[in-house]
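Heads up: the structure comes next, in structure tokens.
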Amino acid sequence: MSRTVAFVGLGHMGGPMAANLTKAGYRVLGHDLVPAAVEAAARAGVETVAAAAAAVTAADVVVSMLPAGRHVLGLYDDILTAARPGTLFVDCSTVDVADARTAHERALAAGMRALDAPVSGGVVGAEAATLTFMAGGGEGEFAEARPLLEAMGKKAVHCGGPGAGQAAKICNNMILGVSMIAVSEAFVLGESLGLSHQALYDVASTASGQCWALSVNCPVPGPVPTSPANRDYRPGFAASLMAKDLGLAANAVREAGVHAELGLRAAELYAAYAERVGDAEDFSGVVRTIRDRSGETAT
């Protein structure tokens, strides 16, 4: 098992992930441009370094968790020449499929190996090491990375070749975005018809309307005590992140020529919602936008 990991990107997701690798016995050399993120990682046992290239030089595996594809490609341009030949690069960011494939190509051209492995589970999953990883790349690379992924999550799925992990991620989150809107609309409709939140939840959670957006991340307070709705929608998975993922899905839909009306409409709704609330609210807070536009008041 590879023991030294360079981890670039120690933010809300990457910081806990790096900490869990440390807890699992890996030596983790971490880097981030934000001082507060570096300090938090250091408190969790991560060895922090001032430059990404310095971390990569000593690493067997390089893990990155960055905001967008341009950041991943920029990082690879900076550090590929610093890594030892054959180093495995595992990118856990959520990026465009085309960017993921380009990152693979650049890594291979530099004599490295690569895997795209975006995650599902949010900050709570990152902290609890219960993330699901969706991996794209070679079977050998996936087999080597699997122990690391399992130290940070509860499940790792090999989805296919380069970019397949990103494809699975955006398809999954298109389902999630559409279903959250549907669940939110149903609760607002129920309110207008005099139906209590608990009654609707008790029916739908054990009937054909059951889904993750309802049973785990319920968009109204009460029925699921651990959902963000009970914390004034403080984010587990921020609206801005859902808007980003649905934007990637919408781009893929258009490029592939797929007729996906609900996916495209969900992308539009979350883009408008995220523009208003940014990182401040969970994506389930879209229920308030639906309620406001319906002329209803909170119940």
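Table for the structure above
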{"quantity": "Diffusion constant of segment 123-259 at 37 °C, which comes from Stokes-Einstein with the Kirkwood Cα-pair radius and 0.692 mPa s, µm²/s", "calculated": "195 µm²/s"}
{"quantity": "Förster radius 41 Å - calculated FRET efficiency between Trp212 and Lys23, Cβ distance, rounded to 0.05", "calculated": "0.90"}
{"quantity": "Helix-only CD estimate at 222 nm, as mean residue ellipticity for the chain, using -39500 (n - 2.57) per DSSP H run (n ≥ 4)", "calculated": "-16000 deg cm²/dmol"}
{"quantity": "Using alpha-carbon coordinates, inclination of helix 97-109 to the longest axis of the chain, degrees", "calculated": "10 degrees"}
{"quantity": "Per-bin percent of Cα-Cα distances, segment 76-172 [5 Å]", "calculated": "3, 16, 25, 24, 19, 11, 3, 0"}
{"quantity": "Label-point separation, Asp279 to Arg265 (7 Å along Cα→Cβ), nm", "calculated": "3.2 nm"}
{"quantity": "Farthest toward positive dipole pole in the chain [+1 Lys/Arg, -1 Asp/Glu at C-beta], among Ala24, Asn251, Gly160", "calculated": "Ala24"}
{"quantity": "Crossing angle, helix 69-79 versus the chain [Cα axis fit, 0-90 degrees, rounded to tens]", "calculated": "10 degrees"}
{"quantity": "Computed lengthening from Ser294 to Glu39, 0.36 nm per intervening residue step minus Cα-Cα distance", "calculated": "87.3 nm"}
{"quantity": "Accessible area of segment 167-237 divided out per residue, in Å², using a probe of 1.4 angstrom", "calculated": "46 Å²"}
{"quantity": "For the chain, the fraction of alpha-carbon pairs in successive 10 Å shells from zero, as %", "calculated": "7, 27, 32, 21, 10, 3, 0"}
{"quantity": "Average accessible surface area per residue within segment 112-165, 1.4 Å rolling probe, Å²", "calculated": "36 Å²"}
{"quantity": "Label-to-label distance, nm, for residues given as Asp78 and Asn251 (7 Å Cα→Cβ offset)", "calculated": "2.0 nm"}
{"quantity": "Charge context of Gly140, other residues only, Cβ under 13 angstrom, K/R +1, D/E -1", "calculated": "-1"}
{"quantity": "Electrostatic dipole magnitude of the chain [Cβ: Lys, Arg +1; Asp, Glu -1; Cα centre; debye, to 20]", "calculated": "400 debye"}
{"quantity": "Heavy-atom accessible surface of the chain: percent carbon and sulfur, 1.4 Å", "calculated": "57 percent"}
{"quantity": "Amide H contacts under 5 Å for Thr48, placed H, 5+ residues apart", "calculated": "Gly30"}
{"quantity": "Sequence-distant residues sharing a close amide H with Arg234 (under 5 Å, placed H)", "calculated": "Asp282"}
{"quantity": "3J(HN,Hα) from dihedral phi, segment 123-139, Karplus parametrisation 6.51/-1.76/1.60, rounded to Hz, x for glycine, proline", "calculated": "4, 4, x, 5, 5, 8, 6, 10, 5, 10, 9, 10, 10, x, x, x, 5"}
{"quantity": "Pairs of lysines in the chain (C-alpha under 17 Å apart; 8 or more residues apart or interchain)", "calculated": "4"}
{"quantity": "Debye equation applied to the C-alpha atoms of segment 121-175, log10 I(q)/I(0) at 0.13, 0.17, 0.30 Å⁻¹", "calculated": "-0.31, -0.52, -1.13"}
{"quantity": "Residues in segment 216-234 that a label on Ser192 would reach, taking backbone N under 18 Å of a point 7 Å out along Cα→Cβ", "calculated": "220"}
{"quantity": "Other-chain or far-sequence residues with amide H under 5 Å of Val63's (modelled H)", "calculated": "Ala6, Phe7, Val8, Val90"}
{"quantity": "Per-residue ³J(HN,Hα) for segment 190-204, Karplus 6.51 cos²θ - 1.76 cosθ + 1.60, θ = phi - 60°, Hz, x for Gly and Pro", "calculated": "x, 4, 5, 9, x, 8, 6, 4, 5, 5, 5, 4, 4, 6, 5"}
{"quantity": "Under the Karplus curve 6.51 cos²θ - 1.76 cosθ + 1.60, θ = phi - 60°, whole-Hz ³J(HN,Hα) for segment 211-220, x wherever Gly or Pro sits", "calculated": "6, 4, 4, 8, 7, 10, 10, 3, x, 10"}
{"quantity": "In nm, spacing of pseudo-spin labels at Glu150 and Arg234 (7 Å Cα→C-beta vector)", "calculated": "3.5 nm"}
{"quantity": "Dipole magnitude of segment 1-111, debye to nearest 20 (Cβ charges: Lys/Arg +1, Asp/Glu -1, about Cα centre)", "calculated": "300 debye"}
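The values are calculated or read from the model by the stated rules, or taken from the named source; none is laboratory data. What you are looking at is a predicted structure, and each value in this text was computed from that prediction instead of being measured. Counting neighbours? That spans all protein chains shown, and the Cβs are built from the backbone with ideal geometry, glycine included. Surface accessibility is based on the protein's heavy atoms, side chains included, excluding ligands, DNA and RNA. Shrake-Rupley method; radii C 1.70, N 1.55, O 1.52, S 1.80 Å.
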